[in-house]
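Visitor: Once you've had a glance at the structure underneath, I'll fire off some questions.
We did not get these values from a lab; they are worked out from the coordinates using the rules stated. Note that the structure is a prediction, hence the values are computed from the model and not measured. Note: ideal-geometry Cβ built from the backbone for every residue, glycine included; neighbour counts use all protein chains shown.
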Amino acid sequence: MPIKYEKESSFLSSEEIRSIEEWTSEMKKYPLLIPIVKRKIAQRTLEIPHKNIGNGLNRMVYDLGNGYVLKIALSEIGLISNAQEFRLYHFSHPDIQQYLCPVMEKGQGWIVMKKMDHKASMNLVNLQKLSDLIIKFLLHGIVPVDLKLANIALTHDNEMVVIDYGLFIKTLYGKTVDSNDYIHSE
Ligand SMILES: Nc1ncnc2c1ncn2[C@@H]1O[C@H](COP(=O)(O)OP(=O)(O)O)[C@@H](O)[C@H]1O
Ligand SMILES: [Mg+2]
């Protein structure tokens, strides 16, 4: 299903959207640069008046200051990850959706996601919960590629929520939710 990109946002100004779109087309000129250099070039193009609170290999993350974060793609994989997080969050079975950090909006090169404040620390209880979670994803037809404690946050009720699931793969057997029906593919 082709992704429809929003030109308007409840979270971003039109200048912010325009500067991200500009960066997204510029980004394609530098496929081989290492992330740290790309980040520097991106910051010259981007007009984002928010604090940069996280960086991965493929995305930069800004705190919007209202309980949400903005994830901007730094590479083609970043674009794919943004699209996949939007799709998985919005089309997954509710049993699985509860473990995915909510994605509110998507645009060309960006998504807005709920901000999580508590990362899961490395201990036996969390490692056991992580392996239970991996099995849950697999049973729902989702291969949780790159799922590790570093990509997991905890809610106030100590429930695990994945904040980086852009590389997860949905197999043919993964159920999606569409209106009131569960169907077998998007
Ligand atoms: N929902 C979130 N709430 C708070 N911090 C986040 C959130 N999503 C990502 N981050 C921070 O930004 C970093 C990079 O984001 P991530 O999604 O892992 O990017 P990448 O796809 O490049 O690995 C994360 O390691 C984390 O520190
Ligand atoms: Mg990451």
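Visitor: If each of R44 and E22 carries a label point 7 Å out from its Cα toward its Cβ, how far apart are those two points in nm?
Guide: Output for this residue pair reads 1.3 nm.
Visitor: Along the Cα-to-Cβ line of T171, 7 Å from the Cα, sits a label point; which residues in region 116-135 have backbone N less than 19 Å from it?
Guide: Label zone hits: 131-135.
Visitor: In what sequence do F86, F168 fall when counting other Cβ within 10 Å, fewest first?
Guide: Values: F86 20, F168 23.
Listed from fewest to most nearby Cβ atoms, that is F86, F168.
Visitor: A further question on this structure: Specify the residue with the greatest mean-square fluctuation among L147, L172, L133, computed from a Gaussian network of the chain linking alpha-carbon atoms under 10 Å apart.
Guide: Result for the chain, Cα springs under 10 Å: L172 fluctuates most.
Visitor: With just the Cα atoms of the chain, tell me how far they stretch along each of the three principal axes, in Å, largest first.
Guide: Extents along the principal axes, in whole Å: 43, 38, 33.
Visitor: If R₀ is 22 angstrom, what is the calculated FRET efficiency for the pair N52 and H90, using the beta carbon separation as r and rounding to 0.05?
Guide: Efficiency at R0 = 22 Å is approximately 0.25.
Visitor: Helix hunt in the chain: which complete DSSP H runs extend at least 18 Å axially by C-alpha with mean Kyte-Doolittle at least -0.5?
Guide: Length and hydropathy pass: 76-91, 124-139.
Visitor: Treating only the Cβ of Lys, Arg, Asp and Glu as charged (+1, +1, -1, -1), what charge dipole size does region 1-158 show about its Cα centre? Round to the nearest 20 debye.
Guide: Working: 20 positive and 17 negative charges, 83 e Å.
With only Lys, Arg, Asp and Glu charged at Cβ, the dipole is about 400 debye.
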